[in-house]
Number of protein chains: 2
Amino acid sequence: MSETIYVGVDIGGTAIKVGICSAKGDLLHTFEGPTGTEQGTQKILANIAGYARRIVEESPYDWEQVAGVGIGIAGFIDMAKGFIKFSPNLPLDNVPLKDILEAELNKKVRVNNDANVAALGEAWGGAGRGVHSCVLYTLGTGVGGGIVVNGRLIEGFSGMGGELGHMSIVPDLEAIQCGCGKMGCLETVSSATGIIRMAHDAVSRGDRTTLADVENIMAKEVFDAAKNGDEVAQRIVSRAAYYIGKSMATVAVVVNPQRFIIGGGVSKAGEFLFEQIRTVFHKYALDKAQEGVDIVAAELGNNAGVVGAAGLLLDA
Amino acid sequence: MSETIYVGVDIGGTAIKVGICSAKGDLLHTFEGPTGTEQGTQKILANIAGYARRIVEESPYDWEQVAGVGIGIAGFIDMAKGFIKFSPNLPLDNVPLKDILEAELNKKVRVNNDANVAALGEAWGGAGRGVHSCVLYTLGTGVGGGIVVNGRLIEGFSGMGGELGHMSIVPDLEAIQCGCGKMGCLETVSSATGIIRMAHDAVSRGDRTTLADVENIMAKEVFDAAKNGDEVAQRIVSRAAYYIGKSMATVAVVVNPQRFIIGGGVSKAGEFLFEQIRTVFHKYALDKAQEGVDIVAAELGNNAGVVGAAGLLLDA
């Protein structure tokens, strides 16, 4: 068998997922093992290499067929060097991951951040398959983003391409400070955290709402209440949707993608949320920048990272 | 002589400018002739081809050294096909310009819009020379834009990449309708037209200002009044600068360019304007997306178009 295969590795705080993809972006095999965070840096590195070898050994493919190994990880990364500058969840700060793994595996290695690889995964083998360009919004604890044009990530000068959660989009008069230190970032209103904060604020000030137990509230409960007619919850959802749609209208005249893809936990709210986002997008986006452009749900779920990590080798 | 040269053509309503560029983006020769608009489509096409041949004939170079001919023109263009869908100033609607000129000149031809070629010109041979990526804002009657990453234009799915003037950036409560039909576009406040409109509004409602003769006022007079301490004029300039800076903070987390370049007539206001833009940019842009990023003046002036048009052949 001379078919080329692509190995992707999605490194999380507790588990490392590895996968084998075909040249078409189909996920053929996956394997998951513990990260080994508590055992330190060397153990994590050994696990990454070990799992990558193991999934190929246990598959019908040979190591010779592997085009390379791609890695997705949360943090700030020098993508050209594959150097991890800072990793929020793992003891991998200042680790030259690409160099170490290339020496260990004798294969090309590429490293990128989790939001970017998820976007590349959706572009290659998910909801963005076959389109000219797509932008992924991952609505979770924060708002992640990634932009793929003609199969390639827009990484940016210092790796900040597609950092859509930190687009300053909320006007000054209603802006709050983001965790990044700046005012009015998209993720202050459109992440799960933002939605929960708005629910908390509304209940705290005594707004008339069915929302309760706000100390433990989840974004899903806000969406459920909104669907059931709770006006406070509807206002919160509208505000989250408004700024996503408005940020998409902005992205539409910057990179003018063919498709916007929405993933992450908050996207489970489905069409109820998507319809509101589309309405705002259509209102604000330049007509010619919205022609033929759609806004759809992500398809790969938790596999986007491993598929996209494998896809980092496509330009190798 | 085996050196490869690049021919650029900048088509305006009254004049066509052609130029020869070296492989480094240096403009070696230029020639300008009438467009021939009043003589119709065929005459314009003949002029383009004729001027392109003529500049090479009159230079020390041979036609064999020409890598191709690039064309910049205002309008909506199918860039892949080099097809002009709509040209606001010329009788070239629905003209397959690339096909016609390739047949006529027996060279590769590329066509793109004026804002994009200006950005490519600055990136290749102007203020963006040698940087990873740059974004050009052209502040004139409208606000034009173009984005170049690793020497290539971000054209977008339908050619709307870098249409920065139509970024909906002004909040609803203070937004007005743009010529494009949408609300709150950057060019409603940060173009010469926007600045003049704000001056006109201020005088009409009786604001205390030294601005006068607003029917014939130019943006320069507003800048001069602001520099001389006129508070109304200062407010207008601040507002124009604020939204440019804020839009740059947005672009910084979408494509994360290394350099922002400002050209066009309004940019002649110089550091007085640029300093205000930088202050806003630094306030709103994600810290890591502004590290090492600068905001500078364009360098090529009216030659940006012809240089950038020639640069369209770089990826040929």
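The values are calculated or read from the model by the stated rules, or taken from the named source; none is laboratory data. In this text, all values refer to a predicted model and were calculated from it rather than measured experimentally. Every residue, glycine among them, receives a Cβ derived from its backbone with ideal geometry; neighbour counts consider all protein chains shown.
Just one of the listed residues (B:VAL266, B:VAL253, B:VAL280) is of a type in the set (Val, Ile, Thr), under 18 Å from B:HIS166 (Cα atoms) and touching a Phe, Trp or Tyr at 6+ places or on another chain (Cβ under 9 Å), and it is B:VAL266. When A:GLY206 is tested against (1) under 18 Å from the mean Cα position of the chain (by Cα); (2) part of a loop (DSSP other than H, G, I, E, B), just one condition goes unmet, and that condition is (1). The single residue among A:LEU286, A:LEU300 that is in contact (Cβ under 8 Å) with a residue 24 or more places away in the chain, more than 14 Å from chain B (Cβ to nearest Cβ) and of a type outside the set (Phe, Trp, Tyr) turns out to be A:LEU300. The residue that is nearest to the other protein chains (Cβ to nearest Cβ), counting only those in region A:153-190 that are in a strand (DSSP E or B) and touching a helix residue (DSSP H, G or I) at 6+ places or on another chain (Cβ under 6 Å), is A:SER168.
Quick grid of which residues meet (1) at pLDDT below 95; (2) at positive phi; (3) of a type in the set (Asp, Glu):
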| position | (1), (2), (3) |
| --- | --- |
| A:ASP26 | no, no, yes |
| A:GLY33 | no, no, no |
| A:ASP62 | no, no, yes |
| A:ILE73 | no, no, no |
| A:ASN89 | yes, no, no |
| A:GLU102 | no, no, yes |
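When B:ASN47 is tested against (1) surrounded by fewer than 20 Cβ atoms within 10 Å (Cβ to Cβ); (2) at pLDDT 95 or above; (3) over 28 Å from B:CYS185 (Cα atoms), only condition (1) is not met. On the stretch given as region A:191-203, residues that are assigned to a helix (DSSP H, G or I), touching a Ser or Thr at 6+ places or on another chain (Cβ under 7 Å) and in contact (Cβ under 8 Å) with a residue 24 or more places away in the chain total 4.
When you scan region B:224-239, do you find a residue that is assigned to a helix (DSSP H, G or I) and in contact with a strand residue (DSSP E or B) (Cβ under 9 Å, 6 or more places away or on another chain), even just one? The answer is no; no qualifying residue exists. Every condition in (1) part of a strand (DSSP E or B); (2) within 16 Å of A:ILE71 (Cα to Cα) is met by A:GLU104 except one, and the failing one is (1).
When region B:124-135 is limited to residues that are within 13 Å of another protein chain (Cβ to nearest Cβ) and either polar (S, T, N, Q) or buried (at least 24 other Cβ atoms within 10 Å of the Cβ) (or both), the one that is farthest from the chain's Cα centre (by Cα) turns out to be B:SER133.
When the residues of region A:209-223 are filtered to those that are outside any helix (DSSP H, G or I) and within 22 Å of A:THR138 (Cα to Cα), the one that is nearest to the chain's Cα centre (by Cα) is A:MET218. The one condition from (1) buried (at least 24 other Cβ atoms within 10 Å of the Cβ); (2) under 26 Å from B:MET160 (Cβ atoms) that A:ARG259 does not meet is (1). Among the residues of region B:149-181, those that are in contact with a Phe, Trp or Tyr (Cβ under 8 Å, 6 or more places away or on another chain) and of a type outside the set (S, T, N, Q) comprise B:GLY151, B:GLY159, B:LEU164, B:ILE169, B:VAL170. Looking at B:ILE236, B:ILE244, just one residue is within 20 Å of B:GLY165 (Cα to Cα), buried (at least 24 other Cβ atoms within 10 Å of the Cβ) and away from chain A (no Cβ under 14 Å), and that residue is B:ILE236.
Condition test on A:GLY19, is it assigned to a loop (DSSP other than H, G, I, E, B) and either more than 25 Å from the chain's Cα centre (by Cα) or closer than 16 Å to A:ILE5 by Cβ (or both)? So A:GLY19 does not fit the description; no.
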